[in-house]
Amino acid sequence: MSRLIRPATAGVAFLLTCGVIGAGSPAFAAAKSHAKPVAHHTTTAKTAPKASHKSAPKPSHKPVDKLAGVRKGASSALAASVARVNRIAAAEAASPVLSADDKSALAAAIAADRAALAADASAVTAATSSAAIQAAHQAGERTVQGADLQFVAVLAAASAQAAAASLTTDATAVSDQAAALAADGTDVSTVTTPLADLATQAGKAQDSATSARTTALAVPAAPSATDLRTAKDGAHSDLGTAGLALEAGAQDLADATAALAALQTPAV
């Protein structure tokens, strides 16, 4: 029995001895050190980086204008239209042919044109569709076309009226000379007949020119395409009639002048 216990006792003693020896060895120390819990490097309030107090830029809530390009183009075109109307106004004011009444009427029309163009510009700014912007742009173009039509037609009418007045003045001079011959008993019908027609033609030219002027000045500041076409056709027709009348009157004057010269030339 003692023999069996001895080895067991010796084995326990050996294990204890190994344990003691191992406890003092480097390997045991290393194992013991690894047994310690690993410290976590948690960031404390003291070591945490300070947050910046600078506020981040606030995002812009302004909506993007998807029509910016179209809007800019229309605005530029309208600005050019205003410049064209201003040039027309300057030409009207400087014209030596237009009467004071003509200039006053055209100046009033120009003021209305400028107001219409300003309204078109506002419409472009407020428009919410490309179609609306295009409509305002086209309205501005028609306003300029109307201003140009008024200037051209009124100027042509004034020229026609001046030409008719000149024919009448020349016809009066010829008529006076024919009247002197008639007082002596000379038959002056070859002079008075064309002069009578001249008076008719001069009156037609005056009336047609006045009609053209009235038609042109009636064009509104914000005309439709139909307004422009109707006014243009009407003024063109009236001015054409005035032109034909002036040509006929000029021929009458030439005939009367030639007849008077023949009557004044002594017979050989």
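Rule-based calculations on the coordinates, nothing more; no lab input. Computed from a predicted model, the values in this text were never measured in an experiment. Note that we place each Cβ from the backbone using ideal geometry, even for glycine, and neighbour counts take in every protein chain shown.
Of the listed peptides 139-152, 233-246, 74-87, what is their order by residue-averaged count of other C-beta atoms within 10 Å, with the highest listed first?
Numbers: 139-152: 21.7, 233-246: 19.2, 74-87: 17.1.
Sorting 139-152, 233-246, 74-87 by mean packing, highest first, produces 139-152, 233-246, 74-87.
Computed from the C-beta positions of residue 247 and residue 126 and an R0 of 51 Å, the FRET efficiency is 0.45 to the nearest 0.05. Computed over neighbours whose Cβ is under 12 Å from that of residue 109, the net charge equals -1, Lys and Arg +1, Asp and Glu -1.
For the pair residue 66 and residue 99, label points projected 7 Å from Cα toward Cβ lie 5.7 nm apart. Once you've got the Cα coordinates, tell me which of 66/232; 72/103; 103/204 are over 29 Å apart. Over 29 Å apart, Cα to Cα: 66/232; 72/103.
Annotation for residue 173 and residue 112: the two label points, set 7 Å from Cα along the Cα-Cβ direction, are 4.1 nm apart.
In order along the range 89-94, the phi-based Karplus estimate (6.51 cos²θ - 1.76 cosθ + 1.60, θ = phi - 60°) of 3J(HN,Hα) comes to 4, 5, 5, 5, 5, 8 Hz; Gly and Pro are listed as x. Principal axis extents of the Cα atoms in the range 68-264, from largest to smallest and rounded to whole angstrom, are 85, 28, 19.
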